[in-house]
Amino acid sequence: MSDVPATAQAPSPAAASQAILRIAGLRVSYGGIHAVKGIDLEIGPGELVALIGANGAGKTTTLRAITGLLPSSGRIEYDGRDARSFAAHELLRRGLVMVPEGRGIFTRMTVRENLLMGAYARNDHAAVAAELEEQYHTFPRLKERATQLAGNLSGGEQQMLAMARAMLSRPKLLLLDEPSMGLSPIMVEKIFDVIRAASQRAIPILLVEQNAKLALEAANRAYVLDSGEVTLSGDAKTLLHDPKVREAYLGEV
């Protein structure tokens, strides 16, 4: 989408309140390859923000930099603190939770054991038990398969498991990397129902998603990433109807 011109960025709700995440001048390089080239991004309390772009645009790299899994330059401020002052596991304890591309489940552990790993840093055992039942209610298939090895689940069931495990971490900010990848249309709709429900609970979400239509329909605001740079940003519904976005990402002319 290199022919899409940059536009003035719309003011975000995050600018008027304390942003849960504020990125300024983020750069990430692999050797001589500049994967992310100085992007700025904000997420305010309760916002669902989509980050869309083609393969190789730098979306996953951005998420991995936010969570401390990749070295980067620029500023990453999470919950009012410099994110780089914490190791990746400390950020998790502080509520920065990511569902990675590929789901990242523990294939040789049971479904229930995987779910409880989401709550490993918590000591409120009664609340964990209640929230585990809540996830079983949301995803009845996981309850049916609670004692089975997670590696035996289908791709859709594994995505359910990854989402449920993340929710048991009680995220203060939820990062989702391609949650619909490889899923059937019915399963995609189920996963997006869960994403919308989490957003309605005022959990801030940064959603990386190649299905631009679904992402923009669900989001409050969005950023378009092209070759490591933000080329467009603003209200998600406005971007959904932007002719250049529709042509480049929705296959419409």
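The values are calculated or read from the model by the stated rules, or taken from the named source; none is laboratory data. Not measured: the values here are computed from a predicted model. Because the Cβ atoms are built from the backbone with ideal geometry, glycine has one as well, and the counts that use them run over all protein chains shown.
A few points about this structure:
- Residue in region 178-188 that is closer than 30 Å to Leu41 by Cβ, β-branched (Val, Ile, Thr) and free of Cβ contacts under 8 Å to residues at least 40 places away in the same chain present: yes
- Flag if Leu240 is surrounded by fewer than 21 Cβ atoms within 10 Å (Cβ to Cβ), touching a strand residue (DSSP E or B) at 6+ places or on another chain (Cβ under 9 Å) and of a type in the set (A, V, I, L, M, F, W, C): yes
- First in region 192-221 and in contact (Cβ under 8 Å) with a residue 40 or more places away in the chain and within 18 Å of Gln18 (Cα to Cα), second anywhere and among the β-branched types (Val, Ile, Thr) and crowded, with 19+ Cβ neighbours inside 10 Å, Cβ under 6 Å, 6 or more apart: Ser199/Ile205; Pro204/Ile20; Pro204/Ile43; Leu206/Ile43; Leu206/Val49; Arg221/Val49
- Restricting attention to region 140-165 and to residues that are surrounded by 21 or more Cβ atoms within 10 Å (Cβ to Cβ) and small (Gly, Ala, Ser), the residue that is farthest from the chain's Cα centre (by Cα) turns out to be Ala150.
- Flag for Ala15 being at pLDDT below 95 and crowded, with 16+ Cβ neighbours inside 10 Å: no
- Only residues that are in contact with a Leu (Cβ under 8 Å, 6 or more places away or on another chain), among the charged types (D, E, K, R) and farther than 24 Å from Asn152 by Cα were counted across region 90-121, and they come to 0.
- Residue in region 104-120 that is of a type outside the set (A, V, I, L, M, F, W, C), out of contact with any Gly (no Cβ under 7 Å at 6 or more places or on another chain), over 30 Å from Asp226 (Cβ atoms) and crowded, with 20+ Cβ neighbours inside 10 Å present: yes
- Failed criterion for Leu175 (all others in (1) part of a loop (DSSP other than H, G, I, E, B); (2) at pLDDT 95 or above; (3) under 22 Å from the mean Cα position of the chain (by Cα) hold): (1)
- Qualifying residue in region 206-219 (condition: farther than 25 Å from Lys37 by Cα and among the hydrophobic types (A, V, I, L, M, F, W, C)): yes
- Residue satisfying all of: in region 191-220; among the charged types (D, E, K, R) and touching a helix residue (DSSP H, G or I) at 6+ places or on another chain (Cβ under 8 Å); surrounded by the most Cβ atoms within 10 Å (Cβ to Cβ) among these: Glu209
- Filtered residues of region 43-60 (kept if surrounded by fewer than 22 Cβ atoms within 10 Å (Cβ to Cβ) and either within 14 Å of the chain's Cα centre (by Cα) or basic (Lys, Arg) (or both)): Gly46, Thr60
- The residues in region 172-191 that are under 13 Å from Leu214 (Cβ atoms) and either of a type in the set (Ser, Thr, Tyr) or in contact with a Ser or Thr (Cβ under 7 Å, 6 or more places away or on another chain) (or both) can be counted, and the count is 3.
- Residues in region 22-50 that are among the acidic types (Asp, Glu) and part of a strand (DSSP E or B): Asp40, Glu42.
Quick grid of which residues meet (1) out of contact with any Cys (no Cβ under 7 Å at 6 or more places or on another chain); (2) at pLDDT 95 or above; (3) within 25 Å of Gly80 (Cβ to Cβ):
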site	(1), (2), (3)
Glu144	yes, yes, no
Arg165	yes, yes, no
Gly182	yes, no, no
Gln210	yes, no, no
Ala222	yes, yes, yes
Asp235	yes, yes, no
Leu239	yes, yes, no
Val245	yes, no, no
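- The one condition in (1) at pLDDT 95 or above; (2) over 30 Å from Ala121 (Cα atoms); (3) touching a Lys or Arg at 6+ places or on another chain (Cβ under 6 Å) that Glu217 fails to fulfil: (3)
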